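A.B. asks: Let me begin by handing over the structure; questions about it come next.
The values are calculated or read from the model by the stated rules, or taken from the named source; none is laboratory data. As the structure is a prediction and not an experimental result, all values here were calculated from the model. For neighbour counting, all protein chains shown are included, and Cβ atoms are generated from backbone atoms with ideal geometry for every residue, glycine included. The area values use the complete protein model at the heavy-atom level, side chains included, leaving out ligands, DNA and RNA. Shrake-Rupley method; radii C 1.70, N 1.55, O 1.52, S 1.80 Å.
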Amino acid sequence: MKTISVGNLAIGNDAPLTVIAGPCQLESLDHALMIAETMAAACADAGVGYVFKASYDKANRTSLGGKRGLGLEAGLDIMSEVRDRLGCPTLTDIHNEEQAEQAAKQVDIIQIPAFLCRQTDLLLAAGETGAVVNIKKGQFLAPWDMPNVISKVESTGNERILLTERGASFGYNTLVADMRSLPTMMKTGYPVVMDATHSVQQPGGQGGSSGGQREFAPVMARAAVSLGIAAVFIETHEDPDSAPSDGPNMIPLGRMAAMVKSLKAFDDLAKADPLRV
């Protein structure tokens with residue numbers, strides 16, 4: 001099993017749990033700091049690692065009128081400020097090759113969105129930065145297809161790779177999370193992450209925007225962590241129903257501290273008696 005060093009963290013399937021959490025979309029520096037400080041404190045109290053995540057551009061909104069975010073330069077400046085002030089690693093997604101190098105200078109982990117996980121030029125550009133690359137498995141891919149995706153990044157000499165499950169398309173406006181995908185992707189040796197909130201998303205389910213079933217996000221998180229994965233990815237907001245993006249599947253910030261403590265207990269149990277398929 002590979003362990004990926006990022007900032008002061010060691011992320012691996014055999015390492016203690018890491019929580020990747022933050023708002024779906026960046027709103028302001030003050031808002032980002034508020035969420036990051038709250039989550040960093042909760043994770044420190046529970047004894048788990050923490051990575052702050054947020055997006056500067058939601059480039060695949062359901063409708064043209066959906067709010068996309070602050071943009072590349074303003075967004076990356078905020079991500080860099082959060083990292084400098086709090087000392088926690090940061091993660092954001094990129095959408096084209098031109099964004100890769102600039103993003104890698106200001107965040108620790110650059111993420112390949114699920115819809116773009118087979119875009120060869122994007123994967124190569126991400127790999128060539130030398131940054132940690134988190135690849136979200138496409139909703140259209142089987143977990144055993146991911147080695148082909150991995151090999152594209154590895155071809156650049158970069159083996160600092162994370163793999164994220166976020167559900168698979170299952171009929172119209174519906175996703176299903178197959179927990180078998182987690183141990184399947186763990187066979188690659190790379191750290192596996194469960195995106196607990198996007199896996200309960202209902203893509204396009206509200207007509208002009210996506211819906212979701214946030215009440216099931218903790219279910220996904222517990223189930224995945226109990227298998228001994230490297231990290232769990234959770235989007236959170238102090239008022240999800242007022243969030244500019246993905247509110248229906250985000251977990252209220254006020255519930256996160258208790259949830260992180262419970263996930264730590266599941267992780268301790270899983271890592272004490274590792275399950276290998």
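A.B. asks: Which residues, taken from the stretch 240-270, are modelled with pLDDT of 95 or more and of a type in the set (G, A, S)?
C.D. replies: The answer is G254, A257, A258, S262, A265, A270.
A.B. asks: I'm checking my understanding of the structure. Among residues of the stretch 125-144 that are open to solvent by 50 Å² or more (accessible area, probe 1.4 Å) and closer than 15 Å to A168 by Cβ, which one is nearest to the chain's Cα centre (by Cα)? Before you say what the answer is, go through the steps one by one.
C.D. replies: If we filter the stretch 125-144 for residues that are open to solvent by 50 Å² or more (accessible area, probe 1.4 Å), which is where we start, we get 128, 140, 144.
Restricting the remaining residues to those that are closer than 15 Å to A168 by Cβ gives 140, 144.
Values: F140: 18, W144: 20 Å.
Per the criteria, the residue is F140.
A.B. asks: Another one. Please work out which residue is surrounded by the most Cβ atoms within 10 Å (Cβ to Cβ), limiting yourself to the stretch 101-124 and to residues that are more than 20 Å from L70 (Cβ to Cβ) and under 15 Å from the mean Cα position of the chain (by Cα). Can you show your working first?
C.D. replies: Step one: filter the stretch 101-124 for residues more than 20 Å from L70 (Cβ to Cβ), giving 112, 114-124.
With under 15 Å from the mean Cα position of the chain (by Cα) added as a condition, the list becomes 112, 114-117.
Numbers: I112: 28, A114: 22, F115: 14, L116: 20, C117: 22.
In this case the residue turns out to be I112.
A.B. asks: Only one of these conditions is not met by R255: (1) assigned to a helix (DSSP H, G or I); (2) open to solvent by less than 50 Å² (accessible area, probe 1.4 Å). Which number is it?
C.D. replies: (2)
A.B. asks: Tell me, please, whether a residue that is assigned to a helix (DSSP H, G or I), among the charged types (D, E, K, R) and either closer than 22 Å to M250 by Cβ or over 14 Å from the mean Cα position of the chain (by Cα) (or both) can be found in the stretch 2-14. Break it down into steps so the answer makes sense when it comes.
C.D. replies: Within the stretch 2-14, the subset assigned to a helix (DSSP H, G or I) is none.
For the stretch 2-14, residues assigned to a helix (DSSP H, G or I), among the charged types (D, E, K, R) and either closer than 22 Å to M250 by Cβ or over 14 Å from the mean Cα position of the chain (by Cα) (or both): absent.
A.B. asks: Being within 25 Å of G212 (Cβ to Cβ), in contact with a Lys or Arg (Cβ under 8 Å, 6 or more places away or on another chain) and among the aliphatic types (A, V, I, L, M) is the requirement here; does L116 meet it? Show your work before the answer.
C.D. replies: Numbers: within 25 Å of G212 (Cβ to Cβ): yes; in contact with a Lys or Arg (Cβ under 8 Å, 6 or more places away or on another chain): no; among the aliphatic types (A, V, I, L, M): yes.
For L116, the condition - within 25 Å of G212 (Cβ to Cβ), in contact with a Lys or Arg (Cβ under 8 Å, 6 or more places away or on another chain) and among the aliphatic types (A, V, I, L, M) - is not met.
A.B. asks: If I ask for residues that are more than 18 Å from the chain's Cα centre (by Cα), closer than 15 Å to R118 by Cα and not in a loop (DSSP other than H, G, I, E, B), which ones from the stretch 154-189 would you list?
C.D. replies: E154
A quick yes/no check of all residues on (1) within 24 Å of R160 (Cα to Cα); (2) touching a residue at least 40 places away in the same chain (Cβ under 8 Å); (3) out of contact with any strand residue (DSSP E or B) (no Cβ under 9 Å at 6 or more places or on another chain):
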| position | (1), (2), (3) |
| --- | --- |
| G204 | no, yes, no |
| R214 | no, no, no |
| P218 | no, yes, no |
| H237 | no, yes, no |
| S242 | no, no, yes |
| N249 | no, yes, no |
| A257 | no, yes, yes |
| V277 | yes, yes, yes |
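A.B. asks: Something else about it: Scan the stretch 56-65 and tell me whether some residue there is among the hydrophobic types (A, V, I, L, M, F, W, C), in contact with a Phe, Trp or Tyr (Cβ under 8 Å, 6 or more places away or on another chain), over 26 Å from I150 (Cα atoms) and open to solvent by 10 Å² or more (accessible area, probe 1.4 Å). Steps first, answer last, please.
C.D. replies: Step one: filter the stretch 56-65 for residues among the hydrophobic types (A, V, I, L, M, F, W, C), giving 59, 64.
Right, trim to in contact with a Phe, Trp or Tyr (Cβ under 8 Å, 6 or more places away or on another chain) and you get none.
No, there is no match, as no residue in the stretch 56-65 is among the hydrophobic types (A, V, I, L, M, F, W, C), in contact with a Phe, Trp or Tyr (Cβ under 8 Å, 6 or more places away or on another chain), over 26 Å from I150 (Cα atoms) and open to solvent by 10 Å² or more (accessible area, probe 1.4 Å).
A.B. asks: May I pose another question? Just the residues that are in a helix (DSSP H, G or I) and open to solvent by 30 Å² or more (accessible area, probe 1.4 Å), please, taken from the stretch 217-252. Don't jump to the end; show me each part of the working.
C.D. replies: Filtering the stretch 217-252 for residues in a helix (DSSP H, G or I) gives 217-225, 240-242, 247-249.
Correct list: P218, V219, M220, R222, A223, D241, S242, P248.
A.B. asks: Here's something else I'd like to know. Evaluate the stretch 90-100: report whether one residue or more is closer than 30 Å to L269 by Cα, open to solvent by 60 Å² or more (accessible area, probe 1.4 Å), β-branched (V, I, T) and in a strand (DSSP E or B).
C.D. replies: Among the residues of the stretch 90-100, not one is closer than 30 Å to L269 by Cα, open to solvent by 60 Å² or more (accessible area, probe 1.4 Å), β-branched (V, I, T) and in a strand (DSSP E or B), which makes the answer no.
A.B. asks: Moving on. State yes or no: is L72 closer than 17 Å to I109 by Cβ and modelled with pLDDT under 95?
C.D. replies: On the way: closer than 17 Å to I109 by Cβ: yes; modelled with pLDDT under 95: yes.
When the stated conditions are applied, L72 passes them.
A.B. asks: Hey, any hits in the stretch 36-48 for a residue that's under 23 Å from L253 (Cβ atoms) and under 15 Å from the mean Cα position of the chain (by Cα)?
C.D. replies: Kept after step one, since they are under 23 Å from L253 (Cβ atoms), are these residues of the stretch 36-48: 36-48.
After this cut, where a residue has to be under 15 Å from the mean Cα position of the chain (by Cα) as well, the list is 36, 39.
So far as the stretch 36-48 goes, yes, one or more of its residues are under 23 Å from L253 (Cβ atoms) and under 15 Å from the mean Cα position of the chain (by Cα).
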